[in-house]
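Read through the structure below, which is laid out as C-alpha cells, and then see the notes.
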Amino acid sequence: MSHLLEITDLAVSFRTSHGLIRAVDGVSFSIAEREILGIVGESGSGKSLTVLAILDLIGDPNAAITGSIRFRGTELIGQKPETLRRLRGGAIAMIFQDPMTALTPVFTIGAQISEQIRIHTDLSRHAAQARAVELLDAVGLPDPHRAAVRYPQELSGGQRQRAVIAMALSCNPALLLADEPTTALDVTVQAQILELIRKLRDDFNSAVILITHNLGVVAETADRVAVMYSGRIVETAETAALFADPHHPYTWGLLGSMPALDGIRRPRLTTIPGLPPALDRRPQGCAFSPRCGFVRPECLPAPPALTGTAHQAACVLAGHERAAARNQVLAA
Amino acid sequence: MAGTIIRRLVHMIAVLFGISVLVFLIFFATPGANPAARIAGKNASPQTVARVERQFGLNRPLPVQYALMMKKIFITRNLTSYVNLGEKVVPQVFKAAPVTLSLVAGAAIIWIVVAIVIGAVAAAFRNSWIDRLLMVLSLIGISMPVFWVGTMANLFTQGIWHHTWLFSWVPPLGYVDFSKSPVLWFKSLLIPWITLAILYIGLYARVLRAALIETMQEDFIRTARAKGLSERQVLLRHALRCSLVSVVTLFGLDFGVLVGGGALLTEVVFGLQGVGYLTYQALETLDLPMIMATVIYASVFVVVSNAVVDILYAAFDPRMRLRR
Amino acid sequence: MSEVSATDRDIAPPAPGYWAMAGRKLLRDRAAMISLAVLVIIALMCAAAPWYAAHIAHTNPFRSNLSGTVMRHGKPVEVLGAANNPLHLGIEPIGPSWRLGPYMLGADQQGRDVAARLLYGGGNSLIISFAAAAVCLVLAAITGILAGFFGGWVDRIISWLLDALWAFPVFLLAISLSVVLIAHGIDLGLFRLDASSLALPITIIGVIYVPYVARPVRGLVMGLRQSDYVLAAIGIGAPAWRILWFDILPNVISALVVFAPLIIALDLLTEAALSFLSIGVQPPAASWGTIIHDGESLIYTRPMVAIAPGLAIVITVLALNILGDGLRDALDPRAKLRN
C-alpha cells in the first residue's frame, strides 16, 4: 500500500507565559489511499490539534508545528501558504465537530458549497450551484433544491452536518479529516452520519481520518485505530486486532468504560481513576503512569517508545503479563 | 418577514406616542412656571399670555391640551410662534428639512465607507503599528466635540488657510440648494459632512474592528479557511459580512443622537439653515412652540428611520428573522 | 493507588481576589495609568483656579474689563484695543502673551482673562460631568436591579419607561428639558432648583443617559438571576436582600465601574454642547463649552479663545476613554455600553 499521508514525529507546541507547552508530542502515523483511520482519545489528548496541524489550521500565533507531514510525497510543514490554501478544501477537506457553528450564518448552504467549488475549479456560478445541489442529494438531504437556498440555522443539526460533509466532498478530496463529526448530534443521527462516512470511501474514493472519543464509533467505522493520550499515540493497530487484544492499560480503561451493546455484557463498567495530566505538568515518564495500576520503575524516567510491527503499543508490560493485568481491569 | 415588519411598525407607533406625551409633559406640565408665560416668550404682555392660554386650551384638562397640541402640529399645522409674531412654525420645519437631510445623508455615506475601511484594515493588521495608529486616531475622533471640530474647520478653511491652494475652493458658510447648483451644493457641504462624520468614523471603526476580531474566532471562520479561502477572502467575505450587523445596529441607534445632536451643532457652526438651526434660533429667543415643533418632527424622523433600519436589518441578517 | 497524588497535583494555588487582580492588571496598563495621571493633573489645575486668578492673572475672571490696560513688553496695552483693520472698526481683545501672568491666553470680548476662565470653566465642566455621571449610575443601578431582579410588572413598567426614553433622541431631550427649566428653574415644593444652579445641568445630563446604563444592568441582573449560584442561594432559602447584596451587587458594581469613565466622557461632551448652545451653564459662570461659544465670534482674530477649551475637552475626554478601555480590559472584557 502506498502512503497517502505520512506523519513523522509531529509536535505542536504553544508558547505561553509559563514556557513552551507541547500539546502534541512526537506523533507518527501514516494512512493509505481509501483507508479509514480512527484516532481515539479524551479531550485534550491532542487528537484535534494533530489533524488541524496537517492543514496548518490551528490559527494560534503562538503555536509552533515541527516534524514532518508528507502528503503524496510533498512536505507540508513550512510549505508556502498559497500551496496549503490550494490543498485545503481541494485534495484535503475537513469536517468539524459542531455543525451548529461550522457554517457562516449569513450565507445559504448552496452559496457556501458553491463558493468552495469555485475556489478549486473553474466552474461557472450556475454549474457550481447545480453541483452543490447534486452533492446535497448525494449526502442524503431530503429536498436538496430547497435546502440549497436555506440558511444554516434553518436546518437541523443532522441536516447541517450532512451539508458540511457535502461541502467537504465538493472537490473529491483524497483525504477527509473528520473531527468528531458525530459528537454534537443525536444518537440516531450519529449512526446515519457514520454510515455516510463509510460510504464515502466507495463513492468518492476518499481516505478518512476520523477523530472521536468514542470507541464504539471507531469499531463501526475505522480500518485502523490510533489511541492518543496526553499528546502521544499510545497504541495503534487494525481495528479488529485492537479490540481483540488491546495492549495498553489506557486502552483497557477506555474499553472498560464502554458499555457493550452486543456480545457479553459485563457486570459493571469500570472507570479510569484520576484525570489526564495538565499539559504543563505532564510527568517525565509515561504520561499515563499516575493513573495506571501497573506502574513499573522503568515507566518513570522517560516515556516508553511504541514497539511492535503491525500492532504497536507504548507500554513496558511484556506480552505474558498483559493478559492477567487486562483481566484485572476488564473482567472486574 | 411580514410579521416582523408589522410588529416593528406597531412598536414604532407606540414609541412615537410615548415621545409625544413626554415632550408635551415637559413643555406643559413641568412644575415651576405657568406654561402660557413660557410659550408667550420673554417679556410678553398679559394679553398675549391670556391669548396663549385660550389658544392652547391651557385651562382645560391635560389630555385635551395634549390632543389640541397634536392637532396643531400634525393636522392643521398652524402652530404659531409668539416671538416672531404670527409666524407659522410647521412650514418652516418642512422648508428646513432638506438641508438637514443633505447634511446627514452625505455624512452617513462618508462615515460608513471610511469606517468600514479603517475597521477592516485595523482588524487585518491587528496588533501591528497600523492597527494601533488607526485606533488612536479613532479614539481622538470620538473625543472631539463636533461643534469644536466645526469651529476649527472654519478657522482653517475660511480663515488661516483659505487663501492657500488647499482650501481656496471652499465657498462661504451657508447652504446652497441642490437644484440651484449641484457643484456648489457639494462644495458647501463637504466640510460639514467631514466634520459630522469624524466622530462616527471613530466610533464605527472601533466597533467594527472589535466585531471582526471576535468573529474571526468563530468556528465558521475555520471552516472558511479549511475550504481553501485566502485570508483576505475569509476576512472580507465571511467575517465582514457577519460583523457588519453590529455596525448596522449602531447606525439605527445613532441616527437619533445624530439628527438631534450632532447635526444640530454642525448646522449651527456652519450656518446651514436646517431643522437644527431652527431649533438653535428658537433657543436663543426661548421660542417654545418652535422648539416643540422641531423636537417633535426630529423625533418622528428619528423613530421612523430607526424602524426602517431595523427592518433592513432583518432583511440583511437571516439570523434575526428566526429570533423574536 | 496513584489516584490521590494525581488530584493533589491538579490543585492550583488559590486565585487572588477579583478586585486585587483587576487592580494589578490596570496598574500594568501604561496607557490607562498615564490617562489617570493626566486627569488628576487637570482636576488639580482646575481646583487651583482661584489661586491662579488671584496670584498669577491678577484679575477677576467673572467681571468685564472693558477699559483696563495691562503691561506688555514694558508698555501699557489696552485689553480691548481697536481692531487691526484699515478703518480700525470694532475692538479686538488682547492676544496671548504665552507667559505665566495676566492674559497668558489673551482676553475674551469682555476683556476677561481666558486662562483664568479656562481653569474656572474646567472646574464647572468636571463637577457637572462627574456629578451627572454619579446621578446617572445610581439611578441606572436602582432601576436596572429592580427591573432585572424582580421581573414581572415592575420590570414591565421600568422597561417601558426606559424604552421610551431610549427612543427619544438624547440631545433633543436635553434641549427640551433645559429650555423649559433654564428660564424659571424647577419647583417641586420641597425640591427647588434655581436656573443658575449647576444642579440643573447636572440633573438633566444625569437623567438622559440613564437608559444607556440601566438596560445593560437590567440584562446583567436578569442573567445573574437565572445563574446557577443565585438559584442555589434561593434554593437554600437565602432572603432576597442577601442575594442582592452578596451575589448581584458586586457584579453590578463592576459593570458600573467599567461604564463610569465612558459616561463621564459622554456627560462632559454633552455639557459642552449644551453650554455652547447657551442652555447649559449660565453666565457669568463659565464652562469649557461656554468659552468655546465666546470664542466662536473671535475665531478669525483671536482663535486661542476657542482652541484652548476645545483642546482641554479633547484631552480630558481622550484620557477618560483610554481609562475606560483599560478598566474594561481589566474588569470585564465583554462589557458593552448601550445594549
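The values are calculated or read from the model by the stated rules, or taken from the named source; none is laboratory data. Just so it is clear, the model here is predicted, and its values are computed rather than measured. Note that we place each Cβ from the backbone using ideal geometry, even for glycine, and neighbour counts take in every protein chain shown.
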For this session: Would you mind finding the one in C:ALA47, C:ALA43, C:ALA32 that is hydrophobic (A, V, I, L, M, F, W, C) and touching a Gly at 6+ places or on another chain (Cβ under 6 Å)?
Result: C:ALA32
Seminar exercise, completed: The condition from (1) at pLDDT below 85; (2) more than 23 Å from A:THR183 (Cα to Cα); (3) in a helix (DSSP H, G or I) that A:ALA241 misses is numbered (1)
For this session: Just name the residue that is farthest from the chain's Cα centre (by Cα) out of those in region C:228-268 that are surrounded by 15 or more Cβ atoms within 10 Å (Cβ to Cβ) and of a type in the set (Val, Ile, Thr).
Result: C:VAL230
Seminar exercise, completed: Result of the Cβ filter at 8 Å on region A:140-152, keeping first residues that are under 19 Å from B:THR223 (Cβ atoms) and partners that are of a type in the set (S, T, N, Q) and not in a helix (DSSP H, G or I), at least 6 apart or interchain, is A:ALA148/A:THR108; A:ARG150/A:THR108; A:TYR151/A:THR108; A:PRO152/A:THR104
Exercise. Which number in (1) aliphatic (A, V, I, L, M); (2) over 30 Å from A:MET94 (Cα atoms); (3) buried (at least 24 other Cβ atoms within 10 Å of the Cβ) marks the one condition that B:ALA307 misses?
Worked result: (3)
For this session: Determine which member of the set B:LEU272, B:LEU235 is under 25 Å from the mean Cα position of the chain (by Cα) and of a type in the set (A, V, I, L, M).
Result: B:LEU272
Seminar exercise, completed: Checked region C:290-323 for anything more than 10 Å from every other protein chain (Cβ to nearest Cβ) and of a type in the set (S, T, N, Q); matches are C:THR290, C:SER297
Seminar exercise, completed: Contact list, first residue from region B:211-239 and facing chain A (nearest Cβ under 8 Å), second anywhere and among the β-branched types (Val, Ile, Thr) and not in a helix (DSSP H, G or I), beta-carbon distance below 7 Å, six or more apart or interchain, is B:GLU218/A:THR101; B:ASP219/A:THR101; B:PHE220/A:THR101; B:PHE220/A:THR104; B:ALA224/A:THR104; B:HIS238/A:THR104
Exercise. Is it the case that A:ILE21 is away from chain B (no Cβ under 14 Å) and either of a type in the set (Val, Ile, Thr) or crowded, with 17+ Cβ neighbours inside 10 Å (or both)?
Worked result: yes
For this session: Determine whether B:ALA96 is buried (at least 18 other Cβ atoms within 10 Å of the Cβ), within 23 Å of C:HIS293 (Cβ to Cβ) and within 14 Å of chain C (Cβ to nearest Cβ).
Result: no
For this session: Tally the residues that are within 9 Å of chain C (Cβ to nearest Cβ) and modelled with pLDDT under 75, restricting the search to region B:10-33.
Result: 4
Seminar exercise, completed: Of the conditions (1) in contact with a Gly (Cβ under 9 Å, 6 or more places away or on another chain); (2) free of Cβ contacts under 8 Å to residues at least 40 places away in the same chain, the single one that B:HIS162 does not satisfy is (1)
Exercise. Considering only region A:286-322, how many residues are under 25 Å from A:THR8 (Cβ atoms), away from every other protein chain (no Cβ under 12 Å) and either touching a residue at least 12 places away in the same chain (Cβ under 8 Å) or of a type in the set (A, V, I, L, M) (or both)?
Worked result: 14
Exercise. Among the residues of region C:151-182, which ones are at pLDDT below 80, surrounded by fewer than 16 Cβ atoms within 10 Å (Cβ to Cβ) and in a helix (DSSP H, G or I)?
Worked result: C:TRP160
For this session: Kindly establish whether C:PRO216 is within 14 Å of chain B (Cβ to nearest Cβ) and part of a helix (DSSP H, G or I).
Result: yes
For this session: With the checklist (1) assigned to a loop (DSSP other than H, G, I, E, B); (2) more than 11 Å from chain C (Cβ to nearest Cβ) in hand, flag the one item A:ILE272 doesn't pass.
Result: (2)
Exercise. If you take just the helices (runs of 4 or more DSSP H) that sit entirely in region C:238-331, which of them hold at least 1 residues that are at pLDDT below 85 and of a type in the set (D, E, K, R)?
Worked result: C:240-243, C:288-296, C:304-331
Exercise. Does region B:135-150 include one or more residues that are free of Cβ contacts under 8 Å to residues at least 60 places away in the same chain, in a helix (DSSP H, G or I) and touching a Ser or Thr at 6+ places or on another chain (Cβ under 6 Å)?
Worked result: yes
For this session: May I ask you to verify whether A:THR83 is among the hydroxyl-bearing types (Ser, Thr, Tyr) and either under 30 Å from A:LEU194 (Cβ atoms) or at pLDDT 90 or above (or both)?
Result: no
Exercise. For region A:81-188, which helices (runs of 4 or more DSSP H) that fit wholly inside it have 1 or more residues that are farther than 20 Å from B:ARG241 by Cα and over 24 Å from the mean Cα position of the chain (by Cα)?
Worked result: A:81-87, A:109-120, A:125-138, A:144-148
Exercise. Can we say C:VAL230 is at pLDDT below 85, in contact with a Leu (Cβ under 6 Å, 6 or more places away or on another chain) and assigned to a helix (DSSP H, G or I)?
Worked result: yes
Exercise. Quick check, is C:SER297 under 19 Å from C:LEU181 (Cβ atoms) and of a type in the set (S, T, N, Q)?
Worked result: no
Problem set entry | Options B:GLY159, B:GLY141; residue that is at pLDDT 90 or above, within 14 Å of chain C (Cβ to nearest Cβ) and either more than 21 Å from C:TYR300 (Cα to Cα) or surrounded by fewer than 18 Cβ atoms within 10 Å (Cβ to Cβ) (or both) | B:GLY141
Seminar exercise, completed: Given (1) in a helix (DSSP H, G or I); (2) farther than 26 Å from B:ILE296 by Cα; (3) over 17 Å from the mean Cα position of the chain (by Cα); (4) away from chain C (no Cβ under 14 Å), B:ILE112 misses just (3)
Seminar exercise, completed: Taking region B:278-304 and the residues there that are surrounded by 24 or more Cβ atoms within 10 Å (Cβ to Cβ) and more than 10 Å from every other protein chain (Cβ to nearest Cβ), the one that is nearest to C:ALA272 (Cα to Cα) would be B:LEU278
Seminar exercise, completed: From the option list C:ALA285, C:ALA265, C:ALA273, C:ALA255, single residue qualifying as more than 10 Å from chain B (Cβ to nearest Cβ), touching a Leu at 6+ places or on another chain (Cβ under 8 Å) and under 30 Å from B:TYR277 (Cα atoms) is C:ALA285
Exercise. Residues of region B:47-73 being closer than 14 Å to B:ASN34 by Cβ and either in a helix (DSSP H, G or I) or of a type in the set (Phe, Trp, Tyr) (or both), which ones?
Worked result: B:THR48, B:VAL49, B:ALA50, B:ARG51, B:VAL52, B:GLU53, B:ARG54, B:PHE56, B:GLN65
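This table checks each residue for (1) in contact with a Pro (Cβ under 7 Å, 6 or more places away or on another chain); (2) more than 8 Å from every other protein chain (Cβ to nearest Cβ); (3) under 30 Å from A:ALA32 (Cβ atoms).
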| site | (1), (2), (3) |
| --- | --- |
| A:LYS80 | no, yes, yes |
| A:ALA93 | yes, no, yes |
| A:MET100 | no, yes, no |
| A:GLU115 | no, no, no |
| A:GLU134 | no, yes, yes |
| A:PRO142 | no, yes, no |
Exercise. How many residues are touching a residue at least 60 places away in the same chain (Cβ under 8 Å) and more than 16 Å from C:TRP288 (Cα to Cα) when one looks only at region C:90-108?
Worked result: 4
